[in-house]
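**Q** Handing you a structure now.
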Amino acid sequence: DTGVSQNPRHKITKRGQNVTFRCDPISEHNRLYWYRQTLGQGPEFLTYFQNEAQLEKSRLLSDRFSAERPKGSFSTLEIQRTEQGDSAMYLCATTPRGDEKLFFGSGTQLSVL
Amino acid sequence: AQTVTQSQPEMSVQEAETVTLSCTYDTSENNYYLFWYKQPPSRQMILVIRQEAYKQQNATENRFSVNFQKAAKSFSLKISDSQLGDTAMYFCAFLNSGGSNYKLTFGKGTLLTVNP
């Protein structure tokens with residue numbers, strides 16, 4: 001256990017529904033990342049926060065995706081009007097200031113039916 | 001933009017033997033880190049080993065070692081005395097330490113199976 005907590009572990013939803021995932025980082029880790037991993041592929045970068053500021057978003061992050069990190073603590077990733085192509089593992093990772101090592105959570109597996 | 005290529009989708013090895021996983025990368029940066037992450041069936045990403053580009057000495061962590069060839073942009077992982085618990089997906093990853101966001105770029109992975 002790395003100390004990065006993600007909830008829920010699994011989410012099954014119907015196409016068109018909205019879903020929200022949560023990531024609780026290791027205390028005092030100021031950087032927080034969201035990655036998406038599809039079966040048989042490596043994780044792909046989605047977005048990055050430094051404290052509460054969202055500093056970078058991938059072009060993979062369509063308008064249906066939104067991420068927040070209020071007060072620089074936990075983060076949420078919301079997907080609106082889910083599509084079958086959104087089915088993937090969503091990984092959260094955090095890192096402390098000045099350190100290159102990322103600590104990953106166990107991920108949230110999303111299945112869109 | 002950086003790219004990471006893992007040319008071996010799958011590999012297998014007998015328990016107690018040695019196996020080498022390949023990784024090449026492309027970058028114009030001089031300052032960077034390279035990593036190998038392991039992802040077992042539990043899907044938890046676990047850091048196996050990391051290498052700073054400015055260090056000529058290859059990193060080692062117990063049974064895991066790397067062969068870092070900076071000029072060739074190659075970063076292979078050697079696992080000695082393979083154990084059943086080493087069965088997992090292995091991802092090579094690149095991080096530009098000259099940047100400010102510490103964003104990892106991953107390869108597509110190599111599925112390693114250790115056979116008894």
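**Q** Tell me, please, whether a residue that is β-branched (Val, Ile, Thr), more than 14 Å from the chain's Cα centre (by Cα) and more than 11 Å from chain B (Cβ to nearest Cβ) can be found in the range A:21-32.
**A** Yes, that holds for at least one residue.
**Q** Let me ask something additional. Would you be able to tell me the number of residues in the range A:63-94 that are crowded, with 20+ Cβ neighbours inside 10 Å and among the hydroxyl-bearing types (Ser, Thr, Tyr)?
**A** 4
**Q** May I ask you to say which residue of A:GLN41, A:GLN54, A:GLN50, A:GLN17 is modelled with pLDDT of 95 or more and open to solvent by 10 Å² or more (accessible area, probe 1.4 Å)?
**A** A:GLN17
**Q** Do you know which residues across the range A:20-36 are open to solvent by 40 Å² or more (accessible area, probe 1.4 Å) and under 15 Å from A:GLU68 (Cα atoms)?
**A** Across the range A:20-36, the qualifying residues are A:THR20, A:ARG22, A:ASP24.
**Q** Give, as residue ranges, the strands (runs of 3 or more DSSP E) completely inside the range B:3-116 that count at least 1 residues that are within 12 Å of chain A (Cβ to nearest Cβ).
**A** Those strands (runs of 3 or more DSSP E) span B:3-5, B:10-14, B:32-39, B:46-52, B:88-96, B:104-106, B:110-115.
**Q** In the range A:70-86, how many are at pLDDT 95 or above and basic (Lys, Arg)?
**A** Of the residues in that region, 1 qualify.
**Q** Can you work out which of the residues in the range B:5-55 that are open to solvent by less than 20 Å² (accessible area, probe 1.4 Å) and β-branched (Val, Ile, Thr) is farthest from A:LEU102 (Cα to Cα)?
**A** Applying the filter and picking the extreme gives B:VAL13.
**Q** Every residue in the range A:10-20 that is more than 16 Å from the chain's Cα centre (by Cα) and polar (S, T, N, Q), please.
**A** Within the range A:10-20, A:THR13, A:GLN17 qualify.
**Q** Which of the residues that make up the range A:6-37 are part of a strand (DSSP E or B) and more than 19 Å from A:ASP99 (Cβ to Cβ)?
**A** If the condition is that a residue be part of a strand (DSSP E or B) and more than 19 Å from A:ASP99 (Cβ to Cβ), then A:GLN6, A:ASN7, A:HIS10, A:LYS11, A:ILE12, A:THR13, A:VAL19, A:THR20, A:PHE21, A:ARG22, A:ARG36, A:GLN37 are the ones that fit.
**Q** Considering only residues that are assigned to a strand (DSSP E or B) and more than 8 Å from chain B (Cβ to nearest Cβ), which ones fall in the range A:38-49?
**A** Selection gives A:LEU46, A:THR47, A:PHE49.
**Q** Please specify each residue of the range B:62-116 satisfying the condition of being within 20 Å of A:TYR48 (Cβ to Cβ), open to solvent by 10 Å² or more (accessible area, probe 1.4 Å) and in contact with a Gly (Cβ under 7 Å, 6 or more places away or on another chain).
**A** Within the range B:62-116, just B:PHE106 meets the criteria.
**Q** For the list (1) touching a residue at least 24 places away in the same chain (Cβ under 8 Å); (2) in a loop (DSSP other than H, G, I, E, B); (3) within 14 Å of chain B (Cβ to nearest Cβ); (4) of a type outside the set (A, V, I, L, M), I need the number of the one condition that A:GLY98 fails.
**A** (1)
**Q** For the range A:101-113: of the residues being open to solvent by 20 Å² or more (accessible area, probe 1.4 Å) and either more than 7 Å from every other protein chain (Cβ to nearest Cβ) or at pLDDT below 85 (or both), which is nearest to the chain's Cα centre (by Cα)?
**A** Among those residues, the one meeting the criterion is A:GLN109.
The values are calculated or read from the model by the stated rules, or taken from the named source; none is laboratory data. This structure is a prediction, so every number in the text was calculated from the model and none was measured. FYI the Cβ positions are ideal-geometry reconstructions off the backbone, even for glycines, and counts take in every protein chain you see. Remember, those area values only see protein heavy atoms, side chains included, never the ligands or the DNA or RNA. Shrake-Rupley method; radii C 1.70, N 1.55, O 1.52, S 1.80 Å.
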